[in-house]
Amino acid sequence: MTLRRFAVLFLYLSTIIITISGCKKKQSVDNKPKVAPPVLVDVMIAQREAITDVIEANGTVVANEFVEVRPEVSGRLVYINIPEGNFIPQGTVLAKLNSADLVAQIAKTKVLLTLAEKTAQRYKKLLDISGINESDYDAAVSQVNGYKADINYTQTLIDKTVIRAPFNGVVGLRQVSVGAYLTPSTSLATLQQTNLSKVDFTLPQNYSSSIKKGMAIEVEIDADSHQKTTGKIVAFEPGINTETRNLKVRALLAQTNLNAGAFVKIFINTGANQTAIIVPTNCIIPDDKNNQVIVVKNGIANFTNVQTGIRKANTVAITSGLEVGDSVVVTGVLFARPKSKVKVRSVKKIDTQDSTSKETMKN
């Protein structure tokens, strides 16, 4: 082999070796694991804010006094005085039933009573001279007392045929006419006392300890115009309903021109003078055991267990687990991983000034 041919072979082998070495170096570089860039997140600085726990419930307006006017005894209606829609004072005669048979019964009993009294007087004279036994005189006196009791009983039945207004109020629509045969189940009309209006509503048993007698409430009486009035809780049932687990509450309204049976909305503020750390609901990571939020410390995402309290449409109060000044992740929650690096893009603030409106995030 000549020198020239040896040099060409050496150059060819060197080229092959360099090419193979370059491929291996490139392959080793390509196999090197890539480092993921930090996740971009927005955070909010945890601060204590004033909170209001407003309970919302559905209520029904009820009259201060309400009754369906019904007769106590059966009979034919012979007189009716129901001025529909007008105010009537207590004791007004609203209707009368036929009582002719009862009046006749009293007249008959009075005749028998007169005879019995005369007999008792004669027996008394005979008893004084030992003309009769004392037992005969006692029987005569007992008969007199029996007739008197019969008269009182029949008079009571006559009184029941007269139907009177049990209290001052506005009478409703008349349901019967003269000549109708009435029974105790027949309703003549309704009578309502409208000078005071009350509202009945129910609350979940969780709020039973928060409801106090004398507590102020806000009542929305018109959903279209959002007209509202105030009221005051005057009473509530001492026990919880075992079927619904709700507590029945009654409040006295300041406005009195409301129709009984009307639907209203009740708002009760039970969270006055309370503070808590407020975060958006999308910050919360639910778990089978705990709720978590992501707190950024030194550029690292730390998953922290928290206890939640009052919830709104878009916010939730944190009762424990967070400290004032913590940086809580509000966007990018789904992409952060425990102990992974994150990069804070911006700091946002939560608007909690209006607790009844939708909360918004502000830069």
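The values are calculated or read from the model by the stated rules, or taken from the named source; none is laboratory data. Source: prediction; values computed, not measured. Here the Cβ positions follow ideal geometry from the backbone for every residue, glycine too, while neighbour counts run over all protein chains shown. Ligands, DNA and RNA are stripped out before the accessible areas are found, and what is left, the full protein with its side chains, is counted by its heavy atoms. Shrake-Rupley method; radii C 1.70, N 1.55, O 1.52, S 1.80 Å.
Would you kindly derive the ³J(HN,Hα) couplings of region 41-50 from the backbone phi angles with the Karplus curve 6.51 cos²θ - 1.76 cosθ + 1.60 (θ = phi - 60°), listing them in order in whole Hz, with x for Gly and Pro?
Couplings: 9, 10, 10, 10, 8, 5, 9, 7, 10, 6 Hz.
Can you give me the angle between helix 100-128 and the longest principal axis of the chain, using Cα atoms only, in degrees from 0 to 90, rounded to the nearest 10?
Helix 100-128 and the main axis of the chain meet at about 50 degrees.
In what order, largest first, do Phe303, Phe167, Phe66 sit by accessible area if the probe radius is 1.4 Å?
The most accessible residue leads, giving Phe66, Phe303, Phe167.
Considering the dipole of the chain built from charges on the beta carbon (Lys and Arg +1, Asp and Glu -1) around the Cα centre, which of Leu252, Leu112, Tyr181 is farthest to its positive end?
Leu252
Could you list which residues have their amide H under 5 Å from that of Asn64, counting only those 5 or more apart in sequence or on another chain, with H placed in the peptide plane?
Long-range HN contacts for Asn64: Gln193, Leu196, Lys198.
What list of ³J(HN,Hα) values in whole Hz, one per residue of region 342-349 in order, does the Karplus curve 6.51 cos²θ - 1.76 cosθ + 1.60 (θ = phi - 60°) give from phi, with Gly and Pro shown as x?
10, 10, 6, 8, 7, 10, 10, 10
Can you figure out the FRET efficiency of Asn168 with Ala235, using R₀ = 25 Å and their beta-carbon distance, to the nearest 0.05?
E between Asn168 and Ala235, to the nearest 0.05, is 0.65.
Of the listed values (i) 65, 54, 44; (ii) 64, 46, 37; (iii) 183, 50, 42, identify the label whose number matches Cα extents along the principal axes in Å calculated from this model.
(iii)
First compute the accessible area of region 55-194 with a 1.4 Å probe, then give the percent of it belonging to carbon and sulfur atoms. Don't jump to the answer; show the numbers that get you there.
Numbers: 4060 of 8170 Å².
Within region 55-194, the accessible surface is 50 percent carbon and sulfur.
Compute the acute angle (0 to 90°) between the alpha-carbon long axis of helix 134-160 and the principal axis of greatest extent of the alpha-carbon atoms of the chain; round to the nearest 10°.
50
Want the number for Phe303 to Asn86: 0.36 nm per residue separation, take away the alpha-carbon distance, what's left?
71.2 nm
Taking all protein chains together and a probe of 1.4 Å, list Asp288, Asp101 from the most accessible to the least accessible.
Descending order: Asp288, Asp101.
Report the full-extension gain for the segment Lys160 to Ser210: residue separation times 0.36 nm, less the Cα-Cα distance, to one decimal in nm.
Taking 0.36 nm per residue and subtracting the Cα distance, the gain is 13.3 nm.
Take the alpha-carbon positions of region 256-305, form their convex hull, and give its projected area averaged over all directions (one quarter of the hull surface) in nm².
7.6
Region 92-135 to region 274-290: how many Å between their Cα centroids?
Rounded to whole Å, the Cα centres lie 86 Å apart.
Checking the a/c ratio against 1.5 first, then a/b against b/c, what shape does the Cα gyration tensor give for region 242-342?
Since a/c reaches 1.5 and a/b is larger than b/c, the shape of region 242-342 is classed as prolate.
What are the residues whose amide H is under 5 Å from the amide H of Val78, where those residues sit 5 or more places off or on another chain and H is modelled from the backbone?
Lys96, Leu97, Asn98, Gly179
For the chain, what relative contact order do you get, as a whole percent, if you take Cα pairs closer than 8 Å and at least 6 residues apart?
26
Can you send over the solvent-accessible area of Lys349, 1.4 Å probe, protein chains only, in Å² to the nearest 10?
150
What share of the DSSP beta bridges in the chain is antiparallel, in percent to the nearest 5?
95
I'd like the carbon and sulfur percentage of the solvent accessible area for region 200-329, probe radius 1.4 Å, heavy atoms only, ligands and nucleic acids excluded. Please list the in-between numbers first.
On the way: 3180 of 7230 Å².
Of all accessible area on region 200-329, carbon and sulfur atoms account for 44 percent.
Once phi is turned into ³J(HN,Hα) by the Karplus curve 6.51 cos²θ - 1.76 cosθ + 1.60 with θ = phi - 60°, what whole-Hz value does each residue of region 185-196 show in order, with x for glycine and proline?
My calculation for region 185-196 gives 8, 7, 9, 7, 5, 10, 9, 10, 9, 9, 6, 9 Hz in order.
In nm, what is the difference between 0.36 nm times the number of residues separating Thr242 and Glu134 and their Cα-Cα distance?
Numbers: separation 108, 0.36 × 108 = 38.88 nm, distance 6.44 nm.
Extra length from Thr242 to Glu134 when fully extended: 32.4 nm.
Grab the other residues whose beta carbon is less than 13 angstrom from that of Val234, score K and R as +1, D and E as -1, and report the net.
+4
At Gln227 and Val67, where each label point lies 7 Å from the Cα along Cα→Cβ, what is the point-to-point distance in nanometres?
Between Gln227 and Val67, the label points sit 3.1 nm apart.
Magnitude of the Cβ-charge dipole of region 236-350, K/R +1 and D/E -1, about the Cα centre, nearest 20 debye?
It comes to approximately 520 debye.
Counting only heavy atoms of protein chains, what accessible area per residue, in Å², does the chain have with a probe of 1.4 Å? Intermediate values should be presented prior to the final figure.
Details: 23090 Å² over 363 residues.
On a per-residue basis, 64 Å².
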